[in-house]
Amino acid sequence: MIHRKVLEHTGCTSARLREIFTSTSGENHKIRKRFEDRIMSRITSGIQSCAKNAPIWQAVDIAMDSTPIQKETIPLLLWAQGKITNQALVQQIKACGTTAGCVTEVEVKDAAGVVTGRELKIDMPRLYEASINLIRSYVTRRLASQTARFSNLWPYFKYEPRGVDLVAKLRADALSERVDVMANQYNYRHFFPQTFRQHFMYSRSVVFPRCAFDRVTGWRAKDITRAVGELEIESYTEREGLDLVAPHINRVFWDRSASLANINCDNGPGYMAYWDLIPYRTICDGEYYNKYEVAIGEELTDTFAKYGNFFGYYFDPCVLKWPDMKVDPSAANDRTRNMGTYGLEEKDKGCLVVQYFEKINPKRECIAELPLDVWVRFGVAGDRTVVAAEFMTSIPAAYGGLNENDDREVNPSMATELMAYQDQLTNIFSQMLMNIRAGMLQIWAIDQDALEPDMQEHIKRTMKAKDYYSEPQAFFYSGEKLRSLGIQNPADAPKAFLSIIQAEVQTSIEVSMKAIGQLLELADKLLMMSPNETAQPNPREVAAREITEISSSTDAIKTFVSDGIDEQRAAVKRMIYESLVCESTDEIKVPVMDRYTIETIREAGFEAAGEWLPNEIVPLKTPITGKPHSLVYDYFYDSRDGGDRPLNSQGATIMGTLLGQFMQVEPIAKAFGKKRLFQWANEIARMSGAPVDLKLELDDQEQDVIGGEGGAMEQRIGKIEQFLEKLMAMQGGGPPGGAAGPVAQAAGAAPVPMPEQDLPMETNPAALSAEAA
């Protein structure tokens, strides 16, 4: 972290970078040339690496986007129902992008083998092909469990100070509230579930800021009641913060000499980048420099041609058209020689845009006087032309990975492990549907010797009337000839002059369904996902101990899956905090979410509106104002923000019973101490699954001793025990039938209403419910 004013004081400004990258001669041009050569080399190798590793992620995207009915199935069904003609069928299938395997033309020959014409041949099995999207189902389940951890968090990012004094806590609360405003302005609550999905689909997610710090300014009238000609206009900040982006993982590259995960603590890769293909007019019409020097090298266009499968799948064909290759006289000594330079007439052609971040030492690079390593963001168009640049005040990216090996460039993800099962499941379903359709075929074996000719004609007409779901086929045979040959005639049996031959598919359907169940069970086991996690009941009666072990194992897997997400959130929290205190200049106005005295608020560098007496406690949600630098402190970034709240009613019950027993033994109660007692009570509330956090804490002047207060402390403990008993009863942790809970039973206390006026606010049920609301 480095403050923006420090950067400006040492000459590290965007104007200085613009001066370098628009120079055409002198020392600045040498610096520009050195950076451009390095950037081009890394961009070319990085995009080639992305394209080479893309097939595995492309397969995941294709499997994730699969639908139960393929798009070419719809015109086939319309044709089978007689609603469209053969010609219309061919046109609609071509509009779907393919005719392979659906419609083919075959030659029609007469008896002599002479070709008399051509006709369409329809591939009927395509009608009953089914695609089962197993990946989406499993990813959605894991995504829902992770999203639920944070969807109801207010504030969305909870900062915890390393200090325990009230000033530290006030700063952490103010920072949490200010960042929550930013979360609403930049839609973080929608953005981060998208990154969670990337963890399961691609095994990793990388979040970048679009710029060092985003600020949107508006204009308003100071006094709207004045006449139009007398209005005074003032500017104001509509929003400011970090606008985050999570590019597709196959468009991200970095310095492979270091672990990508270490970017979170700023001791990892020396450069990182993400890229995209956009129309050149976006550069032309934007506030950039070097607009008309944008060029693309031959090596990069060869890469686009070599990996056309990858680029054609992810990008519109319009942005895959490049300017004509021509010799650039100014690049006579350049190693790429032939360059394609964009002109005004090529605004609609595709242009490669790379957001390239590099850690540099400005003094060593002869840019400014700052002798420290800082991050710089370069906006690069083409493969080398810098069109924008700025110094960063924090880390350039935040990484999160799910079960990744840092030594591997590509790691299998949850989706890649599921692809094989999805293919097999699709095959089994398609085979089962094919068997069912084959079972609809009927062949009627009719003894023509046993029926009169008019009856034979009647049967033929009935069959052709299509009164059945599938048109049966008639097979007439001579029963007399079968008898003369010594072959038993099926019509010899009573009422058996007609035999229906039909495939038995019941067994094959049962086998298919059994195979589907076994395949899903295998996928659950290999992905370490229990039926309980997917909200399915147990297939048999389960013992209580087995339920506990299943629950513990499921929670362990859930925690392991959450580690990568929590790691990325911690890095984003650091990035947001550092950018806010280093970039923001606006006054901060946030509500107080805890009880603090006016002296504590002022000591932290803030001020509360209104007049306050010395040592007066400011009410909850009172707005306080201050400058961003008042938020500077040492915070925890790797906390779970209260998102992990496992329900363990049995453990809460045991802890409550033990607490009641401990408080009956005076030596243990005195040795227990108030601080440990409060921690114990807080943990009981958390494990019981309470919807609010019970945060009992010692005041600054309060001693960590139980007793010595003329019995007042014992009464206070009794009230706390009664409150915990009621809380556990509401959460289902207390005994059935409304009986007194284990705390009250052990302490011998009767369940009486809790007086609210004698308790601190943290143990006041009314205050808790109001705060939760």
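Annotations for the structure displayed:
- Counting only protein chain heavy atoms and rolling a 1.4 Å probe, the accessible areas of Phe213, Phe378, Phe636 rank, largest first, as Phe636, Phe213, Phe378.
- Proximal charge balance of Thr303 [Cβ under 13 Å; K/R count +1, D/E count -1]: -2
- Rounded FRET efficiency, nearest 0.05, which uses the C-beta distance separating Cys318 from Leu526 and R0 of 45 Å: 0.60
- Think of a 1.4 Å ball rolled over the protein heavy atoms: the range 559-600 then has 30 Å² of accessible area per residue.
- Take the Cβ atoms of Ala59 and Glu365, set R0 to 45 Å, and the FRET efficiency comes out at 0.60.
- Taking all protein chains as shown and a probe of 1.4 angstrom, Cys318 keeps an accessible surface of around 80 Å².
- Residues of the range 613-629 with amide N under 12 Å of the 7 Å Cα→Cβ point at Glu603: 615
- Cut-off 19 Å, label 7 Å out along Cα→Cβ of Arg215, residues of the range 225-267 by amide N: 234-244
- Inter-probe distance in nm under a simple model that places probes 7 Å from Cα toward Cβ, at Ala227 and Glu298: 7.3
- Farthest toward positive dipole pole in the range 133-183 [+1 Lys/Arg, -1 Asp/Glu at C-beta], among Val167, Met182, Leu153: Leu153
- Whole-angstrom gap from the range 205-269 to the range 337-404, using each part's C-alpha centre: 17
- Approximate spin-label separation Asp407-Gln185, in nm, with each point projected 7 Å along Cα-to-Cβ: 4.6
- Mean Cβ neighbour count within 10 Å, used as a protection proxy, ranking 380-387, 302-309 highest first: 380-387, 302-309
- Pairs exceeding 25 Å between alpha-carbon atoms, taken from Lys169/Lys627; Lys5/Lys33; Lys30/Lys306: Lys5/Lys33; Lys30/Lys306.
- A straight chain from Asn682 to Leu658 at 0.36 nm per residue would run longer than the Cα-Cα distance by 7.2 nm.
- Estimated from the Cβ-Cβ distance and a Förster radius of 45 angstrom, the FRET efficiency linking Ser552 and His29 is about 0.10.
- With the simple spin-label model, which puts each label point 7 Å out from Cα in the Cβ direction, the Phe636 to Gln518 separation comes to 4.9 nm.
The values are calculated or read from the model by the stated rules, or taken from the named source; none is laboratory data. These numbers come from a predicted model, not from an experiment. Note that each Cβ is placed from the backbone with ideal geometry, even for glycine, and that neighbours are counted across all protein chains shown. Surface areas here come from the heavy atoms of the whole protein model, side chains and all, with no ligands, DNA or RNA. Shrake-Rupley method; radii C 1.70, N 1.55, O 1.52, S 1.80 Å.
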